[in-house]
Structure formats: structure tokens, C-alpha cells
Amino acid sequence: MSGPSIHVERLVFAYPDGRQALFGVDFTIQRGERVALLGPNGAGKTTLVLHLNGILGSVAGGSGSGRIQIGGSDLHREHLPEVRRKVGLVFQDPDDQLFMPTVRDDVAFGPANLGLRGADLEARVHEALVQVGMQDHADVAPHHLSYGQRRRVAVATVLAMRPEVLVLDEPSSNLDPASRRELADILSGLDVTLLMITHDLPYALQLCERSLLMDDGRIVADGSTRDLLGDAHLMSAHRLELPYGFDPLSVPGPER
Amino acid sequence: MHVPDGFFDAPTSVATGLIAAGAVGFSLQRANREIRETGPALAGLTAAFVFAVQMVNFPVGAGTSGHLLGGALAAALVGPWSAVLVMSTVLLVQGLLFADGGLTALGTNITLMGLITVLVGYFVIRTVLQVLPKRVGSVVPATTLGALVSVPVAALAFTGLYAIGGAVDIPLGKLATAMVGWHILVGLGEAVITAAVLSAVVATRPDLVYAARHLQPDLVLVDADGNSSTVSPDRPIAAKPTGRTLGVGIAATLLVAGVVSLFASAHPDGLEFVGARLGFDGAAKDSAVAGSPLADYGVSGIGNAQVSGALAGIIGVLVTIAVGLTIAKVASLRSSRADKAA
Amino acid sequence: MTGSAGDGLLVVADSRIHRLPAQVKIVALFVFVLAVVSTPAGVFWAFALYGALLVWCVVLAKLPPLVVMRRLAVETPFVVFALVLPFVATGPRVEVLGVSLSQSGVLGSWNVLAKGTLGVVAAIVLSATTGPRALLAGLERLRLPSTLVAILSFMVRYLSVVSDDLQRMRIARESRGYRGGRAGHLKAIAGGVGALFVRSFERGERVHLAMQSRGYTGRMPLLSESGAARVQWVEGLAISLAAVVIAVTARVVGL
Ligand SMILES: Nc1ncnc2c1ncn2[C@@H]1O[C@H](COP(=O)(O)OP(=O)(O)O)[C@@H](O)[C@H]1O
Ligand SMILES: [Mg+2]
């Protein structure tokens, strides 16, 4: 694979009900980078991310224009299966992601679509569940798990496809502090390109050296997470607020 | 209206079972494209929704309550074929997972609550939409009327099945009056809830309403340089009203009515029964519809019992449709007058 | 009800009936109910035997009798119907305690009650011993069209999610001081139901997107791993076959 992991150019998109969500988005993410995507509610973050593996946008038959490259090659209808293996998407609500009757069935869903069967499939499922520490819950129904456990299984369903790019939509939302830290441990141990939507600014600073700031369907700032969070003017202009007493300049980040 | 095992005789259960299987098979074929594009998850969630809503009771009167059947609503939201699948799924889960509605009566239940409500509902929706102004909002009155009509028709069909395959002779006029009268009240509740659900959907996500897909306005797209252009919204399923859909709807409804009557008439008890009904007078005379030619579900003056029974079923459906159309006409006259006034 | 809506009526226990493959149980239930339904209402001893067989099943499956009893409530509307029958049915009449009842009505009432109750109890045995996933796998084994199995599986998975949404909306309504009167009640329910549909439908869309992003191309993976062994078929169908023998005998004796 050559070229940047993700390259997006002049991306425009409107939902079928006529509401336009993206008004010309441009950015590039190199291999191995960890990037946070920040922005207020309704900025278009989720919409943007759903374009990265071709489930929204013109390749999927929607109304929009612009260019998306994954690993240096344009997104085409014929490449979609390959792109969907490379770009793993973890949805915001784990209930959207876990749709099969048991955890095992669910984690197996992706690799089975890739053609894995029998012992190979089982090994892949086990490996992914071990990565998130959920191997003891394989036969449980998703709605019997706690929210934090469901989030971890949701990550496992994507890891089971061995993605090169991992995209997460608000992974720390609704988690208790311990679950939040456990998830951070899992994510920081992965060897992938990471793009993470979050409102949890300390989380962004902890995990991502770079941040994109999005508002009104456009990227309005792109830089080191520490610089962005330290720019009080920029932050308030886009309805972002640091937790009480949190100083982005005084805590350690991922850059050593 | 979940019929338990043994409520109707075996031939009736088998006949309705065959009708249900045929309808589900046909719907699977017709809905194939929809389901390939929108995914089985959408149909599954609609089914979960219908199931959940069926658990909510609303007061009907006299201290009793009814609950939504949801056939017309499902037809408007996901289209008739997916709706038949959705309703059948709900009934299958209720029967197998919640022991609600007998397994041998599954065909009967699917026919009554999955097939008739959906087809009658959708037929009314389509017809009314043709006379109402061409906007998405029109789908609300259309479906409300569809819901209102579909419930009593299902009750009528239940009475018809009872006439054919009920174990005990009871005055059918009385049964029909009681069932239909009661279900007109339930239908009113159904209509109110259906109207509210559809208004909410039309207000927030008009693109979701299957029955109104062809009424969507074009949308405007602003590109990266700020230039705007008009594009037509992506319509995964072309849902233009075609004469064929209507035809299929009518044909299917008539077929259901006709086939049920004919099949069951072949059964000795049913035959005997219809014969007895033909010379029927007495107990039912006091009921409101007793004087009408359909009072006893056999058309008087026609000698052959089987033909008479089948004819009665078909006429019943036609009359219902006619009543629905008249109401629609009145409603549309009103709304066009209101449009002019505005 | 035990557990959340997504579990149906499953009573977790370990019994011979719990362990049977679902497809065997579904077929057994169907055969049993068919036998019951085709028995003439007048052959009372046959119904006593069916009842005994079912009681044995309930004991074998280690089901708490109270749970079975409570679940019988689904029958209520038809019990009412059955109780009315003796009064409204036509035909020769009998005097019971000074009340004139129709003979065929009394028999018909018994017919509806006996067959309906036996059917419901049999279905309760199935639903209380079979989890949703096993049931889906069983239906798949029985060659139910895969699209239907897929819709069923999504429905079962999201039943608890949607019911919880509904429950939360009810609590929110009531905690804001809503008490309910006639028309107001209907309106409040209707508004909430509309929101519920949009929520459910949008979730359906998102689930579909989640499936696509994991490579879904229109075929769901199979759920069932292995078929049922012949021994299991024989074991599972034994009681149903006994019922068939009873039904046939009842027909012959009844002639
Ligand atoms: N399925 C949809 N149909 C129509 N509009 C939508 C849909 N999903 C999101 N939107 C709209 O698109 C805009 C961007 O939403 P989203 O991408 O979810 O924002 P974010 O994730 O940044 O909060 C919002 O105005 C939202 O209302
Ligand atoms: Mg979002």
C-alpha cells in the first residue's frame, strides 16, 4: 500500500431528505497517525466518517461529490469490499453494531463475510475477543452485557477484520471512568491508523497527537491536539469546552 | 384477535395456512429488491416496533381497551410486500416465543392480521393518494383512512371465517355486528395512532415513508465553492403509483375472499352451513344488518351454495372498498376546499 | 415475565427438553397440536390423556407451574368468547340450573377451551425451553426462507432495545405529571409512538450501515452448526406420536 491512509478532497454530501451535511471537506491522514476529529453536535463528523468506507456518498448511490482515497487509491464501487476490510468503523451506539444473537456470532460476522470458515474463523474470533478482554462472554447475548462491555465487543467485531485504519465514533461516550481507561489501554496498544471522533477532549489529548476540528460541514482547523485545545478563541468559536480545571499544556500527551 | 389452536376447523386452518404461505412467498419475491437495498435490519426493526406497539393498550370504551394491529401503518412505511413480511414475522415470534396465537392457527392469524389489514390498508392509501394533492403530507389522511377501514374489514373476515369454519352455529348477523361494531371502535384508535405516527415521521424524516417516496421534492446541493445545483434525491425504490400495483392489490383481496369461501364450502359442514344460512330467518332479524342481502354471508336467491358463499365474500370486500372510496372522496373535497380557502 | 423482551419466555434450566434441538421441538409441537385439533370435541378421555402428556412435559422440562399458569392469560379473549357461546348459539337447548343453554354451544365452548388451552400450554413448553437463537437456528434448519430468518433474527435482537425505548418514554411521560384521561391518553401514546418509529427506523438504517461496513453483501451467515441426530428426533417426537395414536383411537372409537 502506498500513499496516505486517508485522503479526502472537496467532499460534499446531502441526505435524501434534503439536509446537506458536508460542504467541502479536505484533509489527509498518513499511515500510522492517530487523529482526533472534534466538533460540536451536528457538525457532520459522523456523516464524514461514514464516507470513508463507502457506505454513504456517491459510491453508495447518494447525492454528493468530491474525492476520497484510501491507501492511495480512489474509492470505487468495485473496491468496496476491499475498502471495508481495510477501514474498520466502530459505531457510536454499540447496539447498532451488535446485531447478531450472540457475541460470538457477531464478532464472526465480518470475517465470515471475508470468506473465513471453520477453525480459521473461530481462531480469528477468539483472537479479537482476547484483544478486548471479552473472551469469557462469547456465548452471551449482546443485550445481557453492560454498556462498557458492549462497547468493547463492538471494537472486537471490527478488529476481527484486521483493519489497517480504525475509525471510532465517540468511543468514550457513556462509559464509566474505569471502562474509559480500559478502552484507552486497548486502543493505544493497537498498530493501526486511528481516526477518533470525540467530545472527550482529555481523551483526544491522551490518545491523539493531531486533531481536526469540524464545524458546519467543513474542516475549520487542523493541527497538534495540544495547540488546538490551548487556543481558547478557536475553542469557544466552535462550542468546545475543556473540563473544569483541565489545562492541556500541563498534562502528558502521546508525543514523548 | 390472535386466534388460538382449535378455534376454527381443520380445513379452514389449512386453507388459511396455504393462503398465508402463498402470500409470504409472493411478498418475499416482491420485497426482494427493497430488502436487498435497505437490508433485512430495517424490516426487522419495523417488526420489533410493531411488536412493541401492540403491547400498548388504548381505551376503547366501556372500560375495555384495544391495541394497534399496525397493518396499514406498516404498509405506508415500508410498502405492502415488506409489510406482509413484517406482520408475519411479528405473528411468528408471538406464536413461537410468546405462546400467543396457536401454531396451527398461524396461517389464520397471518391471513387476518398480516395480509388483510396490509392489503386493504395499502389499497385505500393508494386510492386516496390519487385524489389528494400531490404532497408528502397527503400520506397522513390516506393512511389514517386505510387504518380505519382495515381493522373492521379484518373483523369482517374473521366473521367470514367463522361462518365457514366455526365449530358452533351462532347467528352470524349478531356475530358480524358485534365484531365489526367493536372493531370500528378499535379502528378509530388505530386511525388516531396511525395518524400521529405518520405525522411525526413526515415531520422529521419524510423520506422514510414508502407510500410517499414519489412525492419527494428535489434537493439542492451546495458544492465546495459555494455554487448550488438541484439534484433529484436518491430514491432506492421507484414507488410511482402504477395501475399494476392497484390491480394486484384488488386481485389479491378478491382472491383471498373468494378462495376462502370456495375452499371452505367444499367442506361438508361448511356446505351444510351455508345451505342452512340460505334459508335463514329468525334470530338474526333483530340485528341492524340483518335486512341487508349480506346479513348471513350467503347471497339470497342464488341456488348454488358454494358460488353463493364465494360471491358474498367478494361482494363484502367490494362494498368495503366502495365505502372507503366514498369517504376518501369526501375527505379530498374537503381538503381541496380548504386549500382554496387558504 | 422473566428477563427482558428479547428472551421471550425462556426459563433457564437444564432438562432433557431444554437440550433437544429446536427444530425437533418445533415439529413435535406442531404434530401434537395437530393431533389435538383433529380430535372430536366429544371424546373427553382423549383430552384428559393429552393433558396428562403435557403435564408430564412440564415436569420433565422443570418448569415452575406458576409461570405456566400466568402465561395462560394470553387466552383470555377467547375464553370470554367461549363462555358466551352457550348463550348465543342456535340449535336444541338444555336447561341447566334454570338457565337455557344451547347444546351445541356448550360443546363448542368446551371445544374452544380444551383445544385452545392444550395448544397454549404446548407452545409454552416450547417457548420456555428454547432460547431465541436456538429457535432461529431451528427455523433455519426447517428451511424457512433465509430472508425471513434474517428479519426474524433482527426483530428478536432489537425487541428489548425497542421495548426499553418505549418503557423509557412512558416513564418520562409519567414523571412529568401525566396521569392519563381518555382522549389525552390516546394522543400522548400516539405522539410517543411516532417518535419511537423514527428511532427504530433510524436504528435499522444504522444497523444496515454497520453490516455493510463489515462486508455484508446480502447473505447472512448460517446460525445452525449441526443437524439433529436420529435419536433426538425419536426422543423429541415420542410424546407427539403418542398424541397422534390417541387422536386416531378417538376417531375410531368415536365412529
Ligand atoms: N440519516 C440522516 N438523514 C438526514 N439528516 C441527517 C441524517 N443523519 C444526520 N443528519 C443531519 O446531518 C447533520 C450532520 O449530522 P452528523 O454527521 O450526525 O453530526 P455529528 O456526528 O457531527 O454530530 C445534522 O444536521 C444532522 O441532523
Ligand atoms: Mg455523531
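The values are calculated or read from the model by the stated rules, or taken from the named source; none is laboratory data. Bear in mind the structure is a predicted one, so any value in this text is a computation, not a measurement. All Cβ positions, even for glycine, are placed from backbone atoms using ideal geometry, and neighbour counts span all protein chains on display.
One table, with the values for the structure above:
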item: Qualifying position, being at pLDDT 90 or above, part of a helix (DSSP H, G or I), of a type in the set (Gly, Ala, Ser) and surrounded by 15 or more Cβ atoms within 10 Å (Cβ to Cβ), among C:Ala46, C:Ala52; result: C:Ala46
item: Index of the failed condition, B:Gly22 passing every other in (1) at the interface with chain C (Cβ under 9 Å from one of its Cβ atoms); (2) without any contact (Cβ under 8 Å) to a residue 40 or more places away in the chain; result: (1)
item: Test: residue in the range A:162-182 that is touching a Pro at 6+ places or on another chain (Cβ under 9 Å), within 14 Å of chain C (Cβ to nearest Cβ) and away from ligand 1 (no atom under 16 Å from the Cβ); result: yes
item: Checklist (1) at pLDDT below 95; (2) more than 17 Å from A:Pro171 (Cβ to Cβ) applied to A:Leu190, failing item; result: (2)
item: Test set (1) within 17 Å of the chain's Cα centre (by Cα); (2) away from ligand 2 (no atom under 16 Å from the Cβ); (3) under 26 Å from A:Gln20 (Cβ atoms) - A:Leu228 fails condition number; result: (1)
item: Any hit, the range B:40-51, residues being modelled with pLDDT under 90, under 20 Å from the mean Cα position of the chain (by Cα) and more than 30 Å from C:Arg168 (Cβ to Cβ); result: no
item: Members of the range B:36-52 that are without any contact (Cβ under 8 Å) to a residue 24 or more places away in the chain and under 24 Å from B:Ala191 (Cβ atoms); result: B:Leu45, B:Ala48, B:Phe49, B:Ala52
item: All positions within the range A:30-72 that are more than 14 Å from chain C (Cβ to nearest Cβ), in contact with a strand residue (DSSP E or B) (Cβ under 8 Å, 6 or more places away or on another chain), within 12 Å of ligand 1 (Cβ to nearest atom) and under 20 Å from A:Asp169 (Cα atoms); result: A:Leu37, A:Leu38, A:Gly39, A:Pro40, A:Ala43, A:Gly44, A:Lys45
item: Candidates C:Val31, C:Val24, C:Val36, C:Val79, filtered to the one that is part of a helix (DSSP H, G or I), within 26 Å of B:Gly166 (Cα to Cα) and touching a Gly at 6+ places or on another chain (Cβ under 7 Å); result: C:Val36
item: Members of the range C:58-76 that are under 16 Å from the mean Cα position of the chain (by Cα) and more than 25 Å from B:Gly166 (Cβ to Cβ); result: C:Val58, C:Leu63, C:Val67, C:Val68, C:Met69, C:Arg70, C:Arg71
item: Single residue of A:Ala184, A:Ala204 found to be touching a Ser or Thr at 6+ places or on another chain (Cβ under 6 Å) and assigned to a helix (DSSP H, G or I); result: A:Ala204
item: Verdict on C:Ser224 being modelled with pLDDT of 85 or more, among the polar types (S, T, N, Q) and surrounded by 15 or more Cβ atoms within 10 Å (Cβ to Cβ); result: no
item: Test: residue in the range A:18-38 that is modelled with pLDDT under 90 and within 30 Å of B:Thr204 (Cβ to Cβ); result: yes
item: Hits in the range C:120-149 - residues which are in a helix (DSSP H, G or I) and within 13 Å of chain A (Cβ to nearest Cβ); result: C:Pro132, C:Arg133, C:Ala134, C:Leu135, C:Leu136, C:Ala137, C:Gly138, C:Leu139, C:Glu140, C:Val149
item: The listed residue being away from every other protein chain (no Cβ under 14 Å), within 16 Å of ligand 1 (Cβ to nearest atom), under 13 Å from the mean Cα position of the chain (by Cα) and among the hydrophobic types (A, V, I, L, M, F, W, C), out of A:Ala221, A:Ala204; result: A:Ala204
item: The range B:190-206, residues that are surrounded by fewer than 19 Cβ atoms within 10 Å (Cβ to Cβ) and facing another protein chain (nearest Cβ under 8 Å); result: B:Ser199, B:Thr204, B:Arg205
item: Residue in the range C:211-233 that is within 7 Å of chain B (Cβ to nearest Cβ), among the basic types (Lys, Arg) and out of contact with any Cys (no Cβ under 9 Å at 6 or more places or on another chain) present; result: no
item: Residue within the range A:234-241 that is more than 14 Å from A:Pro40 (Cα to Cα) and more than 16 Å from ligand 1 (Cβ to nearest atom) present; result: no
item: Selection status of C:Val94, over 23 Å from C:Val234 (Cα atoms) and in a loop (DSSP other than H, G, I, E, B); result: no
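Per-residue answers, yes or no, for (1) surrounded by fewer than 16 Cβ atoms within 10 Å (Cβ to Cβ); (2) hydrophobic (A, V, I, L, M, F, W, C):
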{"site": "C:Ala61", "(1), (2)": "no, yes"}
{"site": "C:Pro64", "(1), (2)": "yes, no"}
{"site": "C:Val68", "(1), (2)": "no, yes"}
{"site": "C:Val80", "(1), (2)": "yes, yes"}
{"site": "C:Leu85", "(1), (2)": "no, yes"}
